[in-house]
Amino acid sequence: MTTQNELRKIAGQLIMIRFPGTVLDAATADFLQANSIRAVCLFRGNMSDSEQLARLTADLRAVMGPESLIAIDQEGGAVVRSTWVPAPPAAMGLGAADDTDLAYRTGAAVARAVKALGFNWNFAPVLDLNNNPHNPVIAERSFGAEPQRAAELAMSWMAGSHAEGVACCVKHFPGHGDTNVDSHRDLPTVNKPVAELNRLELAPFRIASGAAPAMMTAHIVYPTLDPEHPATMSRRILNDLLREEWQYQGIIITDGMDMHAIAGRYGVGNAAVRALTAGADMVMALGTTETQNETLDAIAAAIASGELSQAAIDMRLARLSSLAKAYPCKPRSYKEDAADREIMAEGWRRSLTAYSPAAAAGAASNASNAPQRPAPGAKVRLVARADVVSDGVSEAGVPAAVVAGSLRKLYDVELVTFADADTFDWNALPQDGRFTMLASTSRLRYGAHARATWRPDLHLALWNPYQALDINAPALMTYGFAQPALDAINGWLSGQLQATGNAPVPGFK
């Protein structure tokens with residue numbers, strides 16, 4: 001008879017965990033070993049610099065063994081965990097540049113950096129089509145809204161990563177783009193006819209299904225595919241559609257089961273078993289040690305009862321072993337930092353997009369409604385949000401003082417910050433002839449007050465491009481706030497760079 005400890009060791013091979021801190025403490029190491037856990041995901045709180053992170057991943061490999069899976073969310077744009085390596089442009093920036101070769105080179109550069117740090121699995125690229133401008137969590141993380149082109153760019157990015165030995169995991173199947181709810185906070189629904197899902201949301205995943213070694217599930221209900229269960233726990237979606245109809249051979253891993261859409265409704269242990277019986281290969285049991293133990297016990301009980309058959313377990317373990325062997329967790333030396341920074345900077349420059357509300361509304365394009373450059377040395381007033389905290393998915397945005405410092409290379413800049421966009425009085429700004437720029441440094445869309453009353457001379461949309469639609473002013477969109485984005489803005493302002501990007505989503509033409 002199989003003991004509880006043995007059952008937990010089997011369960012442990014089917015989960016991925018996270019843990020706090022920048023070192024592998026003895027308690028975590030014991031937990032990993034005692035439960036045969038071979039997969040971890042590291043976040044910003046686990047990292048301080050390259051030396052520390054390389055030491056941490058080496059310690060993890062020593063504990064978890066030769067088939068370790070050490071994962072990271074290094075998508076680009078605002079969703080990066082290792083913030084000191086070359087900063088990748090966001091997916092939508094690459095969509096604006098519209099160049100598969102650039103996407104390939106970007107994916108390869110991302111992989112070189114993270115492999116040197118000890119990772120072999122990157123939870124990227126995003127295949128969600130951002131066809132809802134009010135999406136609170138995807139936006140610039142998407143390559144665009146047109147399925148074929150978004151998939152081509154994402155697959156080029158993925159091919160670059162695979163060429164450098166880092167496995168990709170496309171996400172969030174069957175598609176998180178047309179939601180106005182963040183599944184970290186609640187359970188979204190995408191209620192569309194199957195034909196429309198096939199034409200839009202599902203299309204990029206189907207295109208990528210022959211090449212993607214892993215897919216991450218979405219905590220979203222698709223009533224026309226399965227009216228009762230979110231995709232993460234839907235046998236109709238994971239097994240019948242993805243495995244049987246599409247003949248998908250790769251890993252199916254859940255999104256974080258600590259997210260409120262799942263944990264708050266189903267309980268983490270119950271949800272983990274339901275995900276595995278639906279067809280998932282690995283459960284992302286992030287949470288805490290307490291919820292991880294609850295997950296292990298629930299999976300062990302499902303194995304003991306036969307709810308999870310030995311054949312199903314063996315199949316899942318074989319897939320995970322195959323992934324680990326195809327993309328071994330062996331760090332490389334990293335001598336390409338400078339060259340890779342130039343690849344990334346090229347992407348940020350080529351993604352830079354000019355937007356004119358008047359032109360978008362159908363007025364003839366002319367110099368008066370296009371974004372204007374202040375004269376060199378001009379007096380500029382910069383208005384920006386005071387706080388730029390992380391939303392839990394993305395890294396914190398760029399501080400207002402950093403944007404002001406960048407612009408001061410060209411202008412005499414006065415900085416004005418606001419705490420709340422819904423109450424900030426734009427009309428109280430001095431009417432002193434200063435050229436006024438608004439820098440948008442969060443993902444949040446603007447509300448009615450700002451839309452009705454804010455009138456900058458130039459809007460720098462440094463994160464969510466849809467914010468350019470909220471403010472009646474010419475805009476420059478960067479799809480992210482990393483230093484190369486600020487450098488690209490300065491390149492345009494100084495006349496050395498043209499904004500050649502084209503927003504790959506509706507509403508900007």
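The values are calculated or read from the model by the stated rules, or taken from the named source; none is laboratory data. For clarity, every value in this text was computed on a predicted model and none was experimentally measured. So basically every Cβ, Gly included, is an ideal-geometry build from the backbone, and we count neighbours across all protein chains shown.
Data overview
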{"read-out": "Output for the range 194-218, where each listed residue is part of a helix (DSSP H, G or I) and either under 17 Å from S142 (Cβ atoms) or β-branched (V, I, T) (or both)", "value": "V194, L197, R199, L202, A203, P204, F205, R206, I207, A208"}
{"read-out": "Test for Y446: is it under 23 Å from the mean Cα position of the chain (by Cα), farther than 22 Å from G95 by Cβ and surrounded by 15 or more Cβ atoms within 10 Å (Cβ to Cβ)", "value": "yes"}
{"read-out": "Residue list for the range 119-151, restricted to those being over 14 Å from the mean Cα position of the chain (by Cα), surrounded by fewer than 24 Cβ atoms within 10 Å (Cβ to Cβ) and in contact (Cβ under 8 Å) with a residue 60 or more places away in the chain", "value": "N131, P133, H134, A145, E146, P147, R149"}
{"read-out": "Residue satisfying condition, being assigned by TED's automatic domain parsing to the domain that holds A488, surrounded by fewer than 19 Cβ atoms within 10 Å (Cβ to Cβ) and under 25 Å from Q496 (Cα atoms), within set V413, V389, V402, V398", "value": "V402"}
{"read-out": "Count - residues of the range 297-356 that are under 22 Å from L53 (Cα atoms) and in contact with a strand residue (DSSP E or B) (Cβ under 7 Å, 6 or more places away or on another chain)", "value": "3"}
{"read-out": "Of all residues making up the range 20-51, the number that are within 21 Å of the chain's Cα centre (by Cα), buried (at least 20 other Cβ atoms within 10 Å of the Cβ) and free of Cβ contacts under 8 Å to residues at least 40 places away in the same chain", "value": "2"}
{"read-out": "1 or more residues under 23 Å from H134 (Cα atoms): qualifying helices (runs of 4 or more DSSP H) within the range 332-445", "value": "337-351, 357-360"}
{"read-out": "Pair list, Cβ < 9 Å and 6+ apart or interchain, from the range 317-333 residues that are without any contact (Cβ under 8 Å) to a residue 12 or more places away in the chain to residues that are β-branched (V, I, T)", "value": "S322/I251"}
{"read-out": "Filter result for S68 (in contact with a Lys or Arg (Cβ under 7 Å, 6 or more places away or on another chain) and either among the hydroxyl-bearing types (S, T, Y) or modelled with pLDDT under 95 (or both))", "value": "yes"}
